[in-house]
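The values are calculated or read from the model by the stated rules, or taken from the named source; none is laboratory data. Just so it is clear, the model here is predicted, and its values are computed rather than measured. Methodologically, a virtual Cβ is constructed for each residue, glycine included, from the backbone with ideal geometry; neighbour enumeration extends over all protein chains shown. Areas reflect the complete protein model, heavy atoms only, side chains present, ligands, DNA and RNA absent. Shrake-Rupley method; radii C 1.70, N 1.55, O 1.52, S 1.80 Å.
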Amino acid sequence: MRVLLRRVLPRLFALAIAGLTCFPQLAEAALDPIVIQEWQVQWIPQEASENEGPPADGTWQEADAGHPLSALPKGAKGVWARVTLPPTDGWARPGLLIERLYGLDLAVYQERRLVYESRRDFEFDRNKLLMALAPANHPAEYEIRILTSTERAGILGGLRIDDFDRLSHRYASRDVPDLLLGTSIAFLACIMLLCSGYLHRRQRSSWLTLCLATMSLGMLIVCYSPLPYLYLPSGGRLMLLLFDLSLFVLAPAINFYADQVFERQYAFFTRFSRLEAVYAAICLVARFIYEFAGERNYGVYSFFFNGIMGYVIFAQLLLLIGVSVLHAGKGSRNAVILSAGLLLFALSGALDLVLYYWSDKTYVLYLWKFGAIMLLLSLVVILARRISADYVMLLRYSKELELYNHNLQRTEKLEIISDLAASIAHEVRNPLQVTRGFLQLLAGRADPKSKSYFELATNELDRASDIITDFLTFAKPEMDTVSVLDVPAELKKIESMMAPLAAMHGGVIRFHAEDRLYVVGNASKFKQAFINMIKNSIEALNKEGWIEIKAVARDGQVVVWIRDNGEGMDEEQLAQLGVPYFSTKTKGTGLGMMVTMRIIEVMRGTIEFRSQKEKGTEITIRFPLADPDETAPLPDELHL
Ligand code: ADP
Ligand code: MG
């Protein structure tokens, strides 16, 4: 990158300059343009005839680019400008360009002879003048007649003399970026309008307001540029109408959109928005009446529009600045972005208006266009942020839904199993008890030799009964003897119990627990749950295996982690965990995790698994932290 900047770019630049200087056409036009900054003016009174030639007498006032004298005094309908042009025979085709002037009908005289004329039948008074000059080897005096029906007329900035081709290029190209900007914004509005079909009804109204604001902004920029009026003079009236309509739509639309974004929190702003909308609607009607019913209604329209509109928009911009700052102070990041966009727009617009009134209405507003682009940019950024946030939320919802479905299925299965388990265990336990009683009875009568067989049979029956009791634990895991358990002590016992098994599988158990961790529950159920988990970890171990058990207190909870570097599980296996009879082992029952999860659930705890194939598994178990000094009775109903 740096090489590109340091070496390649300067060379390219030098090449371009060399190419340009060798280009014959451009080399020929090397004569510098002349800009005339001074001229003289004389007002044209209302009663003067339209086609009158330059005045022979009367007082001429000095004017220049700094003091263009373009504000018409009362009783004047235009201005004569007198200027002396230098010799022009240095150019093959000399020309004159006035890039900025206020006026509708223009006429140029040389030695009392009309040499140029242009007329306008619509009231867009930002005009330009471009004409070819006859080459002359001596200075020549020209008089320019500028007539208008607005309150300003005259030349601003100066008169440029140069090669005609270069001038005509300059005449057109200066305003092209504006046209491009305006049409692209209007095009964007069309696309937004098309997209509105995909929106929810509730979002649609604010979206449509935004479309309307964008469309009118685009139109406004196009119709504010002098270029279309120069090239399409027959459409001038229509463009002026469009300009006014866009303004009357844009101002309230921005307010309504901002109000919706500010969630109508600022009552004064809402009220102002409504008032301005009513005012804009009146202006709109007045404008249409003026357009279609003729000149005589101009007074009414002009009062509403020219008299008040500027101040109303100024007040609106000030209010927008205030509300944006207020809102940014307490809002989210989106609110800050939007407020910044609105603030830039309002600031640039307000500054433009201040400069406009300050310069006695000779200033051409242009800062607001940058503000408008910033506002649009901020809206696009917010839109993008909202879409990405929606996407993240959608993902989260679908994950939650999947988890919920999975849990639901598991619960349903558990329900059936526990019902079956309870009834079968109950049914089996009774005959077992009866059989045990008879066996004992027979044992009393039996000879000492067979007594040991009876004892063996009774023991086996007891074992069967124990298994059934365990099964019942799952079916109805009531915590009959509930107490406050000292978690580190319980875990330590479990660890010493399981360490030999781990060693048999070639692994070690690392154990670490903070002091004073207490939970409420049944000690043997607690043990059963943890033994199941640790046993699974041991069975998953490969060579150089380890299991880590860690317990800490965090945010009012006891958190226990059991990690191993065993074979791990894939997504599918993880999803199956806790489903009855799910086992990947040849001699597995597939009941261990189901019972464990059930016990933890009853102890009001939660369990989470993270696992990666070939890497290992981490189980996180959380219980509510209990207080051992609590004198209140322990809950004895710790079951579902
Ligand atoms: P069993 O141990 O009888 O197979 P469990 O319900 O205890 O039944 O476990 C179900 C299955 O979950 C196991 O077969 C095993 O595939 C998987 N599993 C549980 N814990 C782990 C672990 N720590 N590492 C790897 N796989 C595990
Ligand atoms: Mg197991």
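The dipole here belongs to segment 155-310: it is taken about the Cα centre, uses +1 on the Cβ of Lys and Arg and -1 on the Cβ of Asp and Glu, and is about 480 debye.
Over the C-alpha trace of segment 204-288, radius of gyration and Dmax come out as 14.7, 47 angstrom. Comparing 355, 383, 230 along the charge dipole axis of segment 176-397, the residue lying farthest to the positive side is 383, per the Cβ-charge model.
Average accessible surface for segment 402-475: 73 Å² per residue, computed with a 1.4 Å probe over protein heavy atoms with every protein chain in place. Between residue 44 and 77, 78, 79, 80, the built amide H atoms are under 5 Å apart, and every one of these is 5 or more places off in sequence or on another chain. If R0 is taken as 22 Å, the Cβ-Cβ distance between residue 412 and residue 584 corresponds to a FRET efficiency of 0.45.
Dipole of segment 483-638 computed with +1 at Lys/Arg Cβ and -1 at Asp/Glu Cβ about the Cα centre; of 540, 491, 597, farthest Cα towards the positive end is 540.
Take the alpha carbon gyration tensor of segment 176-397, find the square roots of its eigenvalues, order them as a ≥ b ≥ c, and report rounded if a/c is under 1.5; if not, report prolate when a/b exceeds b/c, else oblate.
prolate
Under the Kirkwood approximation applied to all pairs of distinct alpha-carbon atoms, what is the hydrodynamic radius of segment 85-145 in Å?
Evaluated over segment 85-145, this radius sits at 12.5 Å.
Rolling a 1.4 angstrom probe over the protein heavy atoms with all chains in place gives segment 176-397 an accessible area of 53 Å² per residue.
Look at the alpha carbon pairs under 8 Å that are at least 6 residues apart: their mean separation over the length of segment 326-398 gives a relative contact order of 33 percent. Summarising the amide proton neighbourhood of residue 482: residues at separation of 5 or more, or on other chains, whose placed amide H is nearer than 5 Å comprise an empty set. Hydrodynamic analysis of segment 154-305 uses the Kirkwood radius over alpha carbon pairs. Inserted into Stokes-Einstein at 4 °C and 1.567 mPa s, it gives a translational diffusion coefficient of 72 µm²/s.
Once the convex hull of all Cα atoms in the chain is built, its volume per residue stands at 277 Å³. For segment 402-475, the share of accessible area belonging to carbon and sulfur comes to 60 percent (1.4 Å probe, ligands and nucleic acids excluded). The Cβ shell under 13 Å around residue 619 holds other residues with a net charge of +1, Lys and Arg each +1, Asp and Glu each -1.
Bridge orientation summary for the chain: considering DSSP beta bridges with both residues in this region, about 90 percent are antiparallel. Residues in segment 483-638 average 52 Å² of solvent-accessible surface per residue, probe 1.4 Å, ligands and nucleic acids excluded. Charges on Cβ only, +1 for Lys and Arg, -1 for Asp and Glu, centred on the Cα centroid of segment 402-475; of 424, 450, 409, which one is farthest towards the dipole's positive end? The residue sitting farthest along the positive end of the dipole is 450. For helix 267-293, report the angle its Cα long axis makes with the longest principal axis of the Cα atoms of the chain; keep it between 0 and 90° and round to the nearest 10°. Around 40 degrees separate the two axes. Mind checking the angle between helix 9-22 and the chain's longest principal axis? C-alpha axes, 0 to 90 degrees, to the nearest 10. Result, in degrees: 20. Per-atom-type breakdown for segment 51-203 gives carbon and sulfur 54% of the accessible area (1.4 Å probe, protein chains only).
Heavy-atom surface analysis with a 1.4 Å probe gives segment 483-638 a carbon and sulfur content of 49 percent of its accessible area.
Between residue 422 and residue 393, the simple label model (points 7 Å from Cα in the Cβ direction) yields a spacing of 4.1 nm.
The phi-based Karplus calculation (6.51 cos²θ - 1.76 cosθ + 1.60; θ = phi - 60°) puts the 3J(HN,Hα) values of segment 84-95 at 9, 9, x, x, 10, 7, x, 9, 5, 10, x, x Hz, whole numbers, x for Gly and Pro.
Distance between the modelled labels on residue 402 and residue 484, one decimal in nanometres: 4.3 nm (7 Å Cα→Cβ projection).
Using a probe of 1.4 Å, the accessible surface attributed to residue 546 totals some 70 Å² when neighbouring protein chains are kept in position. Between the helical axis of 592-602 and the longest alpha-carbon principal axis of the chain there is an angle of about 70 degrees. At an R0 of 22 angstrom, the distance between the Cβ atoms of residue 62 and residue 149 translates into a FRET efficiency of 0.25.
For the chain, a crude dipole built from +1 on the beta carbon of Lys and Arg and -1 on the beta carbon of Asp and Glu, taken about the Cα centre, is about 780 debye to the nearest 20.
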